[in-house]
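S.K.: What follows is a structure written as structure tokens; I'll ask about it next.
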Amino acid sequence: APPPVDSSTMKDEPPARVVPPPPPNVGTCIKSMISLGSNAAALSTRNQTELINSMVGYCFHLANDQDAFARFLRSREDFQNEVPFSEMPATRDMLTDPELLQCIFSLLSHNPKTRATSGAHNASQPPGSTFQMKQGRKRSPSEDVAYITSKKRQLLSPIPKNRFHPKQAQGMHPSKTIAGDGSLKGQISEKSIPVFAAIILYSVFQHVDHWPVQIMKAFAEDSFGPRNWVDDERCKLFISNLETSLKQNEFDEKSSSAAEDAEAYFSSLMARSSTVKLASCPNNKVLNGAAISSSHQKTSSSKEKRKRSTIAKSSDDFSSSSGEEEVLELGPRKEEKNNADMENNRGLTVSSNNSSDNTSPLRNLFQGVSIAKRRVRSRYQMRSLELAYEAISNALKDRLDSKSKKNYRLLQVLPSFLPIPQVRCLASRHLTFWLQSPALAGLARKLFGHMVQELRCVEPPLSEDLEMIDNILKLNLKANQLSMQIEHVTMIAKKIPTRNVAQLIFTHCLHGETSSGSVSNSLKPNDDHLRMLRSVYAVLNRKLAANALASSVSSLFNQASTSGDLRSQLQNIRCLLCTVVDALGNLYDGFHFAKAIIKAQSSASTKSTTTIKTSARLIFECSLLVTRTIPSLQSALEAAPKKANKKTLSDFDLVDRAELENFRINMLGLRKTILRWCTTDICHVYQKKINLEEEAKCADAYYERGAVIRGPGAPSYESVLKVNSSLEYGDSSSPFHRMMALVRCMLFLSPPSEEEMKLFAMGGEEFDSGRFQRIRFCCHYGVDIDDKMLQIILCSPNVTPNTALSIIETLLLRCGSSCPAKIDCNVDTVWEIYRLADYAPKFRSDHDNSPDGISYAEQ
């Protein structure tokens, strides 16, 4: 037996220091990332480890690039010095190699949950299958992998030793992802690959002002989907830049031009990636994400395995295992051939910085770089921002179309993307389902409020915002959520106080009232649609609200007049308007609303005798609504019995004098607008027929035998004021008399007791007491005349002298002793009326010698 050893005399020997292998060069890292990252979803654990090790090595070179770039920023005296790309090979290759950039983008969108645990071939096997490809003994991770895992804190930081941006380097350190996500120490995290891709992209693009759209696309897909890297603390700066870019920012012309150049460069670079990838892909098969030559598909002998293992051990790839371990063959391992293939097929830029053609696009990307710039700023402008918005909306559309039931996290994320109009529109389409879900109702209410706050106040409004507002108005909510809908719709009207938005809201409310039942029935002024209409009307400008409501009523009336019985449709519209006016109360400006209706009806493209009569009825009903704005008159009419004698309230003694005087002033202005519409629209429609009628009356054979070719015609002793009313308004009467009947009824020159007014306002039926008294009130106190009204008639190009005299005669008829009408007329206007009635015959000599055949002789 050996003698016992005294442990007290033994000295503690320090453990042998393990010298880590040198990191691989940039080309080896790029080659490994491209070969393994092309099919990252089907990678085995072993190949996934090799991919991460390659990304670690690439991060080491990026850290050296950042050191060189930091020295350049501190040492340069002015902004004219060029960026030393020769000292930044990893950054240069990322910005010039399309295949490498596309590979990192695909890794950024990598979802580890879709990866098969036993490789691509096992993933394709049916469930329960025991078939496995034999690629070597199944062993635990080698010592090299454990060593790399233990040394990640030294190799993964893009900025080694925190020399440039200490907080940034600390925030982007990915080692916590590997050991802090619930996995055992020494194991590889499934989320390491997309986190590493995000670290690499931010390390390269952190000093670039304009980023490619693919980054924003990957950000949206991960935000709406698995959230593999957007929630990682080490990607905080990367995410902050992307979130800042979502907001609306103002850009100057110089930065916009640079953004367009950068977008053109990245678009051309990514367009080459597919072509380069096809050219560089050898004719082999893919197994577990690695290229395996068809000549090596058979099981290799032990001698061949040991030979390949020795070659792998001597290579620069420090991710290979020890010589005793059997490794997976990745294809031809000749470094010279691979470097030549990378150089020829992928177009990897490894030349010196002396060539200006290779670095000219890079100089444009780094133009204006400064250490004083904020680290979090907007990275997308102009065209690139539009493409980023489109990519995000497409990602959200795909997510919503997938019909996934995991919407809780989605609703938490959506508020940060609501500055995008397309996202707001897509979210509004699913808002009803989210609000009705008990589990999502709370988040949906918050999302609803954020959507309204993000609306843009522009004129005309965005089409996406209009669709969103329409979807909000059509929400099918529970009874306890209707108040919330009314509140948010009111906020929309305050956020975008434009006529188009107000008209959209009012049209929805009016359609809601008409579709709820027959509007001829008594409508409750506290209905939800009326509450919404009143709430929106209250926050808008009075004139704007009246114009929008008039446009909605006009549109609804035009639709109703084309279908069904016109008389019943007019009755429904009249009842609806009365209910709306009563619901608005003091907010309603009847005179401005009537003028807005006239303006809306004047903009009609096609006009005929039928449409003119229909428009005249609508204008008349809206003009009659002004009597509901007189509180004392409204109270008196409501207090009177429903079947009261029509002669009651004949003197209207209960009406307040101040209110009556204000009514007469406003009614005079309204009648001017009505008269202008009559002389332009009504007279224009009837002008041709009236001219033919007057020419027929004036064409007398007696004047053709003498010097006068045309005279006044046969004398007529019938006044326009004393004719048969039933014949005037009927179809058998002349066009002139039908036109004059419309003018008299619209200007309240025909009392309600006349048959003419009954035919126009009620279709021949009897008036009820309230309607009769309202028309009588307007005919009694609303027939004042001033000089401007007469000038409208005299200056109208569509009115013949005979028609003008007839209208003036009709106006003056109401200014008698039985009516308290007022007349305000200048002397010059009286002389113009006299000259209008003056007769000037047309002589034969002047008619024959005139070039145009028309002239008048001086008397």
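The values are calculated or read from the model by the stated rules, or taken from the named source; none is laboratory data. All of these numbers come straight from a predicted model, not from anything done at the bench. Methodologically, a virtual Cβ is constructed for each residue, glycine included, from the backbone with ideal geometry; neighbour enumeration extends over all protein chains shown. For the accessible areas, the whole protein counts, side chains as well, though only heavy atoms, and no ligand, DNA or RNA atoms are used. Shrake-Rupley method; radii C 1.70, N 1.55, O 1.52, S 1.80 Å.
S.K.: Starting from residues that are of a type in the set (Val, Ile, Thr) and within 14 Å of Cys745 (Cβ to Cβ), keep the ones in segment 606-635 and report whichever is modelled with the highest pLDDT.
M.R.: The first filter runs over segment 606-635 and keeps only residues of a type in the set (Val, Ile, Thr), leaving 606, 609-612, 614, 619, 626-627, 629-630.
Then keep just the ones that are within 14 Å of Cys745 (Cβ to Cβ); that gives 612, 614, 619.
On the way: Ile612: 88, Thr614: 87, Ile619: 93.
By that ranking, first place goes to Ile619.
S.K.: Name the residue, out of Arg814, Arg776, that is modelled with pLDDT under 85 and surrounded by 12 or more Cβ atoms within 10 Å (Cβ to Cβ). It would help to see each step written out before you state the result.
M.R.: On the way: Arg776 fails: modelled with pLDDT under 85.
Going through Arg814, Arg776 in turn, the sole match is Arg814.
S.K.: Could you check, for segment 416-430, whether at least one of its residues is assigned to a helix (DSSP H, G or I) and open to solvent by 60 Å² or more (accessible area, probe 1.4 Å)?
M.R.: First, the residues of segment 416-430 that are assigned to a helix (DSSP H, G or I): 416-417, 421-429.
Pick out the ones that are also open to solvent by 60 Å² or more (accessible area, probe 1.4 Å) and you get 429.
Yes: segment 416-430 contains one or more residues that are assigned to a helix (DSSP H, G or I) and open to solvent by 60 Å² or more (accessible area, probe 1.4 Å).
S.K.: Which residue pairs have Cβ atoms closer than 7 Å, lie 6 or more positions apart in sequence or on different chains, and pair a first residue in segment 743-768 that is assigned to a helix (DSSP H, G or I) with a second residue that is among the aromatic types (Phe, Trp, Tyr)?
M.R.: Close Cβ pairs (under 7 Å, with a partner that is among the aromatic types (Phe, Trp, Tyr)) amount to Cys745/Phe620; Cys745/Phe760; Met746/Phe620; Glu756/Tyr729; Leu759/Tyr729; Phe760/Tyr729; Ala761/Phe620.
S.K.: Inside segment 550-574, can you point out the residues that are surrounded by fewer than 17 Cβ atoms within 10 Å (Cβ to Cβ) and modelled with pLDDT of 85 or more?
M.R.: Residue satisfying the conditions is Ser555 alone.
S.K.: If a residue has to be part of a loop (DSSP other than H, G, I, E, B) and surrounded by 16 or more Cβ atoms within 10 Å (Cβ to Cβ) to count, how many in segment 390-415 make the cut?
M.R.: Let us first name the residues in segment 390-415 that are part of a loop (DSSP other than H, G, I, E, B), namely 402-407.
Then keep just the ones that are surrounded by 16 or more Cβ atoms within 10 Å (Cβ to Cβ); that gives 407.
The total comes to 1.
S.K.: Could I ask something else about it? Quick check on my filter: what residues within segment 417-455 are touching a His at 6+ places or on another chain (Cβ under 9 Å) and within 20 Å of Asp231 (Cα to Cα)?
M.R.: The one that is touching a His at 6+ places or on another chain (Cβ under 9 Å) and within 20 Å of Asp231 (Cα to Cα): Leu418.
S.K.: Find all pairs meeting these conditions: Cβ atoms under 6 angstrom apart; at least six residues apart or on different chains; first residue within segment 795-821 and touching a residue at least 12 places away in the same chain (Cβ under 8 Å) and outside any helix (DSSP H, G or I); second residue open to solvent by less than 70 Å² (accessible area, probe 1.4 Å) and charged (D, E, K, R).
M.R.: Final answer for the pair search is Ala821/Asp784; Ala821/Arg814.
S.K.: Counting only residues that are in a loop (DSSP other than H, G, I, E, B) and buried (at least 17 other Cβ atoms within 10 Å of the Cβ), which one in segment 370-389 is modelled with the lowest pLDDT?
M.R.: Restricting attention to segment 370-389, the residues satisfying the condition of being in a loop (DSSP other than H, G, I, E, B) are 370-381.
This time we only want the ones that are buried (at least 17 other Cβ atoms within 10 Å of the Cβ), so: 378-381.
Working: Ser378: 88, Arg379: 89, Tyr380: 90, Gln381: 85.
Here the answer is Gln381.
S.K.: Quick one: which helices (runs of 4 or more DSSP H) sit completely within segment 1-112 and have at least 2 residues that are modelled with pLDDT of 85 or more, open to solvent by 70 Å² or more (accessible area, probe 1.4 Å) and closer than 28 Å to Gln367 by Cα?
M.R.: Ranges flagged: none.
S.K.: Residue under question is Ser635, and the condition is that it be open to solvent by 10 Å² or more (accessible area, probe 1.4 Å), part of a helix (DSSP H, G or I) and closer than 24 Å to Glu766 by Cα; does it hold? I'd like the intermediate steps shown before the answer.
M.R.: Numbers: open to solvent by 10 Å² or more (accessible area, probe 1.4 Å): yes; part of a helix (DSSP H, G or I): yes; closer than 24 Å to Glu766 by Cα: yes.
Considered against the rule, which asks whether it is open to solvent by 10 Å² or more (accessible area, probe 1.4 Å), part of a helix (DSSP H, G or I) and closer than 24 Å to Glu766 by Cα, Ser635 comes out as yes.
S.K.: For residues in segment 654-696 being closer than 13 Å to Thr629 by Cβ and more than 46 Å from the chain's Cα centre (by Cα), which is surrounded by the most Cβ atoms within 10 Å (Cβ to Cβ)?
M.R.: Looking at the filtered set, the residue picked out is Val655.
S.K.: Hey, among the residues in segment 596-628 that are open to solvent by 50 Å² or more (accessible area, probe 1.4 Å), in contact (Cβ under 8 Å) with a residue 12 or more places away in the chain and over 38 Å from the mean Cα position of the chain (by Cα), which one's nearest to Leu759 (Cα to Cα)?
M.R.: Only one residue tops the list, namely Lys613.
S.K.: How many of the residues in segment 25-43 are in contact with a Leu (Cβ under 8 Å, 6 or more places away or on another chain) and of a type in the set (S, T, N, Q)?
M.R.: 2
S.K.: Right, another one. Determine whether Gly853 is open to solvent by less than 90 Å² (accessible area, probe 1.4 Å), at pLDDT below 85, over 20 Å from Leu692 (Cα atoms) and not acidic (Asp, Glu).
M.R.: Details: open to solvent by less than 90 Å² (accessible area, probe 1.4 Å): yes; at pLDDT below 85: yes; over 20 Å from Leu692 (Cα atoms): no; not acidic (Asp, Glu): yes.
Considered against the rule, which asks whether it is open to solvent by less than 90 Å² (accessible area, probe 1.4 Å), at pLDDT below 85, over 20 Å from Leu692 (Cα atoms) and not acidic (Asp, Glu), Gly853 comes out as no.
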